[in-house]
Each structure stands twice: as structure tokens, then as C-alpha cells.
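Just below is one structure, and these are the notes that go with it.
Values in this text are rule-based calculations from the coordinates and carry no lab data. Note that this is a predicted model, so its numbers are computed, not measured. FYI the Cβ positions are ideal-geometry reconstructions off the backbone, even for glycines, and counts take in every protein chain you see.
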Amino acid sequence: MAKRPIYGVMAEFNTTKDVLHAARRAREEGYRRMDAYSPFPVEGLSEAIGFPHSRLPVITLIGGLIGCFGGFFLQYYPNVMGFPLDIGGKPFDSWPAFIPITFELTILCAGISTVVGMIWLNKLPTPYHPVFNVPRFQLASQDRFFLCIQSKDPQFEIDAVVRFLKDLNPREVNVVPV
């Protein structure tokens with residue numbers, strides 16, 4: 001009989017202390033591919049499971065710079081190179097007049113790149129995720145905390161992971177099918 005592919009092994013905990021302790025222990029044991037689910041942010045949990053730093057600030061900066069230079073160029077080119085007009089003896093490249101539009105395009109492009117970057121980095125939309133196969137996972141939005149060690153982890157061996165998670169005194173341990 002063919003084995004059914006699995007996403008990982010998930011443990012359910014009652015308190016934030018329990019899931020935080022479990023995440024730290026899993027990290028100490030060498031597990032690197034894991035995720036935690038909770039109904040609210042838990043301080044220190046992202047560090048405990050080893051979340052990488054986000055690239056979103058860099059994406060926002062690049063978007064803002066594109067907006068800044070683009071906004072300035074959109075005004076500079078027609079006023080200085082394309083169709084220069086001598087109005088009241090003012091210089092063609094009167095940059096203080098370009099600041100409001102340059103600023104607004106900087107903010108607009110930074111905001112748009114932030115939203116698009118967030119959607120891209122979070123791999124959205126994700127209408128289906130394997131953890132939804134765990135029957136009690138719906139409690140992750142109410143009052144339970146979950147830690148899932150993924151099968152992609154180089155150290156993953158299903159029996160060892162199940163034993164390890166059961167040693168952490170969870171409420172329940174489930175194998176998560178794909």
C-alpha cells in the first residue's frame with residue numbers, strides 16, 4: 001500500500017508558554033522548517049521558530065525611490081528638455097516647484113509596492129493549506145496554539161518527530177496530510 005504524502009506533524013497546546021517552550025525546544029533539537037499558529041501574536045514566537053527577516057522594507061524603499069525619481073523626471077523632462085518656457089525669468093529647472101508631485105509619487109509608489117510585495121512574499125492568495133486538514137485546527141483562531149514541524153525539514157523523520165512532540169506534553173499530536 002502506497003504511503004500518503006504528509007505535510008508535517010502538528011502539536012496542539014493550551015497556552016502561549018507551552019507553544020513558546022515547544023518552539024524553542026524544536027529549534028534546539030535542530031528542526032528548522034516549522035511554523036506556529038495562534039489566535040493572536042505571541043511575543044518571541046517568531047524568533048523561537050526562526051522566521052527570517054522580511055524583505056518588505058527593501059521592496060518599499062525601491063518602490064519609493066522609483067516614485068521619487070519618476071516623479072521628478074516627469075516634471076523635469078517637459079519643463080527643461082521637451083518644451084521649455086521662459087515664464088517671468090524663472091529658470092527652467094526650478095526644482096522647488098517639483099517637490100510636491102515628487103513627494104506624492106514617492107508615497108504612492110512606496111505604498112503600492114508595499115501591498116504588492118506583501119502579497120507576493122506571503123504567497124497569496126492561498127485558498128487551501130494542508131493544515132486545514134487537521135480537525136481541531138479551527139481552534140487556532142479561538143484559543144489554541146499549534147506548532148507544525150514540516151516534512152521538508154532535513155531532520156524530519158515522522159516517528160522521531162511524533163515522539164519529540166509528545167514529549168512536550170501537548171494536548172494532541174496530528175500527522176498533517178497533504
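Using helices alone, what [θ] at 222 nm do you get for the chain, with -39,500 (n - 2.57) per DSSP H run of 4 or more residues, divided over all residues and rounded to the nearest 500?
Working: 5 runs with 71 residues, N = 178.
It comes out at -13000 deg cm²/dmol, rounded to the nearest 500.
If you line up the long axis of helix 16-28 against the longest principal axis of the chain, both from Cα atoms, how many degrees apart are they, to the nearest 10?
The angle comes out near 90 degrees.
Please give, to one decimal in nm, the separation of the simple spin-label points placed at Arg32 and Asp86, each 7 Å out from Cα toward the Cβ.
6.8 nm
Using per-residue counts of other Cβ atoms within 10 Å, averaged over each peptide, order 146-154, 162-170, 119-127 from highest down.
Packing order, densest peptide first, comes out as 146-154, 162-170, 119-127.
Can you give the charge dipole size of the chain about its Cα centre, rounded to the nearest 20 debye, using +1 on the beta carbon of Lys and Arg and -1 on the beta carbon of Asp and Glu?
Taking the Cα centre of the chain as origin, the dipole is about 540 debye.
If we sort 41-52, 90-101, 9-20 on the protection proxy, mean other Cβ atoms within 10 Å, highest first, what's the order?
9-20, 41-52, 90-101
For segment 100-119 and segment 125-178, what is the separation of their C-alpha centers, rounded to whole Å?
The two parts, judged by their Cα centres, are 38 Å apart.
Taking 0.36 nm per intervening residue step and subtracting the Cα-Cα distance, what contour gain separates Met118 from Leu61 on full extension?
19.2 nm
Rounded, prolate or oblate, given the Cα gyration tensor of the chain, with a/c below 1.5 counting as rounded?
Note, shape of the chain comes out prolate.
What does the net charge come to around Pro154 if you take all other residues with beta carbon closer than 12 Å to its beta carbon, with K and R at +1 and D and E at -1?
Working: positive: Arg32, Arg33, Lys152; negative: Asp153, Glu157.
Neighbour charge sum, excluding Pro154 itself: +1.
Across segment 156-165, in residue order, what do the Karplus-derived ³J(HN,Hα) couplings come to in whole Hz, using 6.51 cos²θ - 1.76 cosθ + 1.60 with θ = phi - 60° and x for Gly and Pro?
Each residue of segment 156-165 in turn: 5, 9, 3, 5, 5, 5, 4, 4, 4, 5 Hz.
Label points 7 Å out from Cα along the Cβ direction at Asp159 and Gln138: separation in nm?
3.5 nm
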